[in-house]
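Everything below concerns the one structure shown next.
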Amino acid sequence: MLRQSARAATLAAALVAFAVAPSGAQEQKGTLVFAVESLGAQTLDPILEGRPGNAVYQAAMYDSLVGFDLKKGGVGPGVAERWELSSDGLSWIFHLRPGQTFHNGDKLTAEDVKFSLERQMGPGSLASAAASMRRTIKSIEVVDELTVRVNTSSPQLGLPAALSRAVAPEGAIMPKAYIEKVGEEEFRKKPIGSGPWKFVRNVPGDRIEFTAVGTPHWRGRPSFKDLHLLLVPEESTRVAMVRTGEAAIASIGPETMLSASRGGLEVLSVPGTMQAIFQFWGVWRPEVKDQPIAKPRVRQALSLAIDRKQVIDHVMNGKAALPYPFATFGYTDYFSADRWEKWAAEAYRYDPVLAKKILAEEGYPNGFELKFANTALPGTQFMVDIGTAIADMWTKVGIKVTLKHYEWGSFAPMERGDQAGLVGWASMYRTAGRPDAPWRYDGAFSPESTQRLLGDKDNCQAACQEFVKTYRALLAELDRGKRTALTDHMVEVAADSWTVVPILEGMGYYAVNKKKVGQFEPIPGRHELGDVFERIPRPDQQPWKK
Amino acid sequence: MKRYIARRLVQGVILLALVATIVFFLGRLTGNPVDLMLPEDATAEDRAALTRTLGLDGPIFEQFAIFVGNALHGDLGTSIRMKQPAVEAFFDRLPNTLALIPWAILLGMALGIPLGVVAALNRGGLLDRAAGTVAVLGVAMPSFWLGVLLIFVFSVELGWVPSGRMGGPAHYILPVVTLGTFLVAGFMRITRSAMLDVMDSEFVKLARIKGLSESVVIWKHCLRNALIPVLTLWGVFVGNLITGAIVTETVFAWPGIGRLTYEAVIYRDFPLLQAVIILKSILILGINLGVDILYAYVDPRIRLA
């Protein structure tokens, strides 16, 4: 039986929370004003909001079944303080922490957890994983007031991660009795949760206001009395608001870091929030077999031609890191991070001489023509600059790059169907910072997946078959050590294929007015601050170190 | 006159039907909201389920037929992102935009009309050239750039006014100046040319021969007549402000219909986009119709043409 004992993590999280908790935390005063570029759907009903919106503002008032490891990032305790897998691998048992209440005073119990998960899976839910949950979760049982059993149709080792806010919003816990009493419409107007912030007001297109709970909360008792999240789409206006003190914190992109810093603001970066990558489409298809990019060594040469340090220094203003292999981070579950960090440092080095040598050995001493689709996924506009930079670097080793820029809305449909517009092309892409690598690998490499970068069901060759075999074994493996070995092998298969190549590990960036908030630490890998607001001290409590 | 109004109304309805059709099909060419709502590792199953939930799974002509049927009953759909009736979302935000427009128009007229008069009186002179420069700057400066510049100078550096968002009277200053600068230029140019036309007319010469003072001739006789095209322009400007405040509202985080349009485009919120554009079109058609009727009333040559 694989036991997911989270006691140690609970203790560590409590210690971290204690360590960062400002002195004089008993007093709550002032308003924490945060200016953000998007408030998503701006609804306080968790089943109607996607991941980013949930993470930005819903997280303030809702707790998640599984939470964060505050220190290293990734999965940690939440409403459930620990969880374990049954011996047959077909049930997860979640043990809730005692003494939790909703904002109306109702106790948070296993009934609420069951209700919330079922609501996320329900027909009116817009949750992105609703369909997957309906397929994988067979039933949910309330064992006792503080214990919930989730029965799955097959072993689902990634389920706790999928119900963690570190990954997805579907673990948000809603008040069963309240919603049943007042109905969905009223709940959407006057929502209540169990988080450290209570809902006050939602002004569409403008702001959401919360007020702090006055009682202790396991996520931390807010130092500020009120929390206002302002929707300010224009970045220069957000920075101006922080400079004038109209806002304390604003989300910014890497291109604004320098000006914010020169303007006297503190620039806070959150490590490991995403990977910028480039990938090759349909290289396994017969019609591409004679193209240079069908050869893994050619794809490797294109990686060697990229000076990642230059990109980090000049596009990301130094606030990014060399990446781990595709979709892995320092906090990835069941993953030998140290080993892969060393591997990546060597594999993703800049070596244009070797790149040219490989190209010559593969029959392309004068380079070749490469079609490259440059695009940026929502919220990461700087990827376009990264794409432009690497296209330029490829040119320097003799590649004749045909660069075409796509707005994401027009790029995304090309991924689907026969991928006619992308087969034989390279493109920019992104992967978000999540601790569960297998889920992302499935989306990129599975023959049934949308992207199917290694092959499809009718044409699954050696690397594709090895991936399928490893992935299936991984899903069924209950032993922690063997699961780590399988994850490492899955990463290896993908890394050796050079079909998806990380360029850098990006960060989340914030401009902070040091006179308005005290020093605080974000959660690694968690771009948004929805789970951080309650741990942000006032400046008098925790001044910024010079 | 009744025939004229009836003809304009029919034209308006045809135009609206065209706008609705174009925005329905063009909007869908720009992408799919599902792509923006799902994470990059979403499965095909998740995508299909969400597409179904959003009602985007049927053939496009079937969706269009449903849209037309509902629109004829006044239902322009529900916002995909906000889960709110799109018409309701539009009218929730409209007052915020309308709160800016009168002040911007007032600023444009208060500065633009006197500048136009002064420029006409000094035709070819230094003041005319200076006013011309103001006009060129007003038209040429992108409102995005001007807005950011105003924020930097008057909010960040001088700290005189808030940098954005709705609030008390001080919050209106920068957005109104940004919107009004374009109008100053417009009003100035049209006033100048209208004044020059009027100043050459026979009745002005007669007024002078009658011995009226120059100020009475200029400000009473010339300006009153020169204001007719200016008032026509007023209608056009209101229409432009309703549709064109997107940039200003975005820069100043002003929750009006300009920003609602921007959000509808960014999130591929088709029902909202359709509703916003159709309702804006109705507003503009209404304003233009009102202006045309007034104009036709004032000038019989128009309704008889």
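Taken together, the values in this text are just the output of simple stated rules run on the coordinates, not laboratory data. Keep in mind the model is a prediction, meaning the values are calculated, not measured. Here Cβ is always computed from backbone atoms with ideal geometry, including for glycine, and neighbour counts include all displayed protein chains.
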Study note, to complete from the structure: Projecting the Cα atoms of A:HIS103, A:PRO52, A:PHE34 onto the charge dipole of chain A, where Lys and Arg contribute +1 and Asp and Glu -1 at Cβ, the residue farthest towards the positive end is A:PHE34
Practice item. For n ≥ 4 DSSP H runs only, could you compute -39500 (n - 2.57) per run for chain A, divide by its residues and tell me the 222 nm figure to the nearest 500? Key: -9000 deg cm²/dmol
Exercise for review: In Å and from the alpha-carbon atoms only, list the Rg and Dmax of the stretch A:302-410.
Suggested key: 15.4, 43
Practice item. Report, in degrees rounded to the nearest 10, the 0 to 90 angle that the Cα long axis of helix B:257-266 makes with the longest principal axis of chain B. Key: 40 degrees
Practice item. Rounded to the nearest 500, what is the 222 nm mean residue ellipticity of chain B from helices alone, with -39500 (n - 2.57) per DSSP H run of 4+ residues and division by all residues? Key: -24500 deg cm²/dmol
Check your understanding: With +1 on each Lys and Arg Cβ and -1 on each Asp and Glu Cβ, how big is the dipole of the stretch A:146-204 about its Cα centre, in debye rounded to the nearest 20?
Key -> 240 debye
Point to revise | Other-chain or far-sequence residues with amide H under 5 Å of A:VAL33's (modelled H) | key: A:HIS228, A:ALA248, A:ILE249
Study note, to complete from the structure: Taking only C-alpha positions in chain B, Rg and Dmax in angstrom work out to 23.8, 86
Check your understanding: If one computes the Cα centroid of the stretch B:73-140 and of the stretch A:78-149, what distance in Å separates the two points?
Key -> 53 Å
Point to revise | Under the Karplus curve 6.51 cos²θ - 1.76 cosθ + 1.60, θ = phi - 60°, whole-Hz ³J(HN,Hα) for the stretch B:224-238, x wherever Gly or Pro sits | key: 4, 6, 6, 6, 4, x, 5, 5, 4, 4, 3, x, 5, 5, 4
Point to revise | the stretch A:321-396, relative contact order in percent, only Cα pairs under 8 angstrom and at least six apart counted | key: 15 percent
Review point. Tell me, what is the FRET efficiency for B:LEU294 and A:LYS225 to the nearest 0.05, using R0 = 41 angstrom and their Cβ-Cβ distance as r?
Key: 0.15
Check your understanding: What list of ³J(HN,Hα) values in whole Hz, one per residue of the stretch A:512-523 in order, does the Karplus curve 6.51 cos²θ - 1.76 cosθ + 1.60 (θ = phi - 60°) give from phi, with Gly and Pro shown as x?
Key -> 10, 8, 5, 7, 9, 9, x, 5, 9, 10, x, 8
**Study point:** Isotropically averaged projected area of the stretch B:1-135, using the convex hull of Cα atoms (one quarter of hull area), nm²
**Key:** 14.8 nm²
Review point. Taking the convex hull of the alpha carbon atoms in the protein assembly as shown, what volume per residue do you get, in Å³?
Key: 196 Å³
Check your understanding: In 5 Å bins starting at 0, how do the alpha-carbon pair distances of the stretch B:77-146 split up by percent?
Key -> 3, 14, 13, 15, 12, 11, 9, 7, 6, 5, 4, 1
Point to revise | Charge dipole magnitude, Cβ of K and R +1, D and E -1 - chain B, Cα centre, debye nearest 20 | key: 1460 debye
Check your understanding: Tally Lys/Arg at +1 and Asp/Glu at -1 over every other residue whose Cβ is under 11 Å from the Cβ of B:LEU50; what's the total?
Key -> -2
Exercise for review: Would you pull out the residues with amide H under 5 Å of A:HIS405's amide H, same chain only if 5 or more places away, H placed 1.01 Å from N?
Suggested key: A:ASN374
**Study point:** Stretch gain in nm, segment A:ARG480-A:GLN465, where the contour uses 0.36 nm per residue and the Cα spacing is subtracted
**Key:** 3.0 nm
**Study point:** Three-way shape label, the stretch B:154-305, alpha-carbon gyration tensor, a/c 1.5
**Key:** oblate
Review point. Over chain A, what is the relative contact order in whole percent, taking alpha-carbon pairs under 8 Å and six or more residues apart?
Key: 21 percent
Review point. Rg/Rh for the stretch A:70-122: what does it come to with C-alpha atoms and Rh from Kirkwood?
Key: 1.02
Exercise for review: For the stretch A:435-546, build the charge dipole from Cβ charges (+1 Lys, Arg; -1 Asp, Glu) around the Cα centre, then report which of A:PRO435, A:PRO522, A:PHE445 sits farthest towards its positive end.
Suggested key: A:PRO522
Check your understanding: What Cys residues in the protein assembly as shown have no fellow cysteine's beta-carbon under 4.7 angstrom?
Key -> B:CYS222
**Study point:** Karplus (6.51, -1.76, 1.60) ³J(HN,Hα), θ = phi - 60°, over the stretch A:45-60, in Hz, Gly and Pro reported as x
**Key:** 9, x, 7, 10, 10, x, 4, x, x, 4, 6, 7, 10, 5, 4, 4
Check your understanding: Put +1 on the Cβ of every Lys and Arg and -1 on every Asp and Glu Cβ in the protein assembly as shown; which of A:ALA345, A:GLY263, B:ILE218 then has its Cα farthest towards the positive end of the dipole?
Key -> B:ILE218
Practice item. Tell me the label-point distance for the pair A:LYS107, B:LEU29, using the 7 Å Cα-to-Cβ offset, in nm and rounded to one decimal. Key: 6.1 nm
Check your understanding: What is the stretch A:361-437 by shape, rounded, prolate or oblate, if you read a ≥ b ≥ c off the alpha carbon gyration tensor as root eigenvalues and call it rounded for a/c under 1.5, prolate for a/b larger than b/c, and oblate otherwise?
Key -> prolate
Review point. Which FRET efficiency value, to the nearest 0.05, is calculated for A:ARG262 and A:LEU322 with the Förster distance at 25 angstrom and r the Cβ-Cβ distance?
Key: 0.40
**Study point:** D (Stokes-Einstein, µm²/s), Kirkwood Cα radius, the stretch B:78-212, 0.692 mPa s at 37 °C
**Key:** 188 µm²/s
Exercise for review: Decide, for the stretch A:447-546, between rounded, prolate and oblate: order the square roots of the alpha carbon gyration tensor eigenvalues as a ≥ b ≥ c, take rounded if a/c falls under 1.5, and otherwise choose prolate if a/b is larger than b/c, else oblate.
Suggested key: prolate
Review point. For labels at B:ILE66 and A:LYS138 in the simple 7 Å Cα→Cβ model, what's the distance in nm?
Key: 3.5 nm
Point to revise | Euclidean distance between Cα centres, the stretch B:33-64 to the stretch A:159-237, Å | key: 27 Å
Review point. Which whole-number percent is the relative contact order of the stretch A:445-507 (Cα, under 8 Å, 6+ apart)?
Key: 24 percent
Practice item. Calculate the dipole size of chain A relative to its Cα centre from +1 charges on Lys and Arg beta carbons and -1 charges on Asp and Glu beta carbons; express the result in debye to the nearest 20. Key: 880 debye
Review point. How far is it, in nm, from the label point at B:SER193 to the one at B:THR21 when both lie 7 Å from their Cα along the line to the Cβ?
Key: 3.4 nm
Review point. PRE reach from A:LYS190 (point 7 Å along Cα→Cβ): which of the stretch A:35-67 fall under 17 Å by backbone N?
Key: A:44-45
Exercise for review: Provide, for q = 0.17 Å⁻¹, the log10 of I(q)/I(0) from a solvent-free Debye sum over equal Cα point scatterers in the stretch A:214-256.
Suggested key: -0.59
